[in-house]
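Participant: Encoded as structure tokens, here's the structure I'll be asking about.
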Amino acid sequence: MAHSDIFKGFESLFSSNTVLTEVEETSFKKLVEFYQLDVENLNILLVELKLWRHKLNRSSNNVPKSALRALIECDANIFPNIFIIIKILCTLPVSITTPKWMFSSLKRIKTYLRNAISEDRLNGLTMLAFHKKIHIDTEEIINKSAKKPRKLDFYLINNRVYGN
């Protein structure tokens, strides 16, 4: 079972519509199936979910935007199984691979370049390292660089750029 299917089940907890769509019900069933050792049977949970969504519908301007907010608003005596599922959502680990990758890229760039460049250029190079899929037009960069006053003079000879 894919993790994305399970997370779609969690999404059904944050809708203020009282009517459950087929897609929401299917994804919620997959969620309950995955955490079946922690909660009661599916029929009880579906009833609790409908009551929970009815509660959210009544306070439509106060629909929780985060799992922690939903946990605070969910009464464990009235919605015991929904409370457990929201608590599971609050304790799921969050992936931190992207920030770690970004910081390691920044470390490599700073190590390579040391402090010989300005902060603007370092920020630009860091963004280039993070967003590798963005196409960069070298001709456009050369044209923009040639317009600005620089320490180097650029010469274009036979479609090659030379500096002195």
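Participant: Can you spot a residue in the range 89-103 that is among the charged types (D, E, K, R), open to solvent by 90 Å² or more (accessible area, probe 1.4 Å) and modelled with pLDDT of 65 or more?
Facilitator: no
Participant: For the range 1-22, how many residues are outside any helix (DSSP H, G or I), surrounded by 14 or more Cβ atoms within 10 Å (Cβ to Cβ) and either under 21 Å from the mean Cα position of the chain (by Cα) or modelled with pLDDT of 80 or more (or both)?
Facilitator: The qualifying residues number 2.
Participant: Of the numbered conditions (1) free of Cβ contacts under 8 Å to residues at least 40 places away in the same chain; (2) under 28 Å from the mean Cα position of the chain (by Cα), ALA76 satisfies every one except a single condition; which is it?
Facilitator: (2)
Participant: Please verify whether PHE28 is more than 14 Å from LEU92 (Cα to Cα) and touching a Pro at 6+ places or on another chain (Cβ under 8 Å), treating the condition exactly as stated. Reasoning before the result, please.
Facilitator: Details: more than 14 Å from LEU92 (Cα to Cα): yes; touching a Pro at 6+ places or on another chain (Cβ under 8 Å): no.
Against the criterion (more than 14 Å from LEU92 (Cα to Cα) and touching a Pro at 6+ places or on another chain (Cβ under 8 Å)), PHE28 does not qualify.
Participant: Check whether at least one residue in the range 38-57 is open to solvent by 70 Å² or more (accessible area, probe 1.4 Å) and within 26 Å of the chain's Cα centre (by Cα), and report yes or no.
Facilitator: No: the range 38-57 contains no residue that is open to solvent by 70 Å² or more (accessible area, probe 1.4 Å) and within 26 Å of the chain's Cα centre (by Cα).
Participant: Tell me yes or no: at least one residue of the range 59-69 is assigned to a helix (DSSP H, G or I), at pLDDT 85 or above and open to solvent by 60 Å² or more (accessible area, probe 1.4 Å). Explain how you work it out, then say what you get.
Facilitator: Narrowing the range 59-69 to residues assigned to a helix (DSSP H, G or I): 60-62, 67-69.
Filter once more, so that each one left must be at pLDDT 85 or above: 68-69.
Narrowing the set further to residues that are open to solvent by 60 Å² or more (accessible area, probe 1.4 Å) leaves 68-69.
For the range 59-69, residues assigned to a helix (DSSP H, G or I), at pLDDT 85 or above and open to solvent by 60 Å² or more (accessible area, probe 1.4 Å): present.
The values are calculated or read from the model by the stated rules, or taken from the named source; none is laboratory data. Given the structure is predicted, the values throughout are model-derived calculations rather than measurements. A quick note on method: Cβ atoms are made from the backbone with ideal geometry, for glycine too, and the neighbour counts reach across all protein chains shown. Quick note on the areas: whole protein, heavy atoms, side chains included, nothing else; ligands and nucleic acids left out. Shrake-Rupley method; radii C 1.70, N 1.55, O 1.52, S 1.80 Å.
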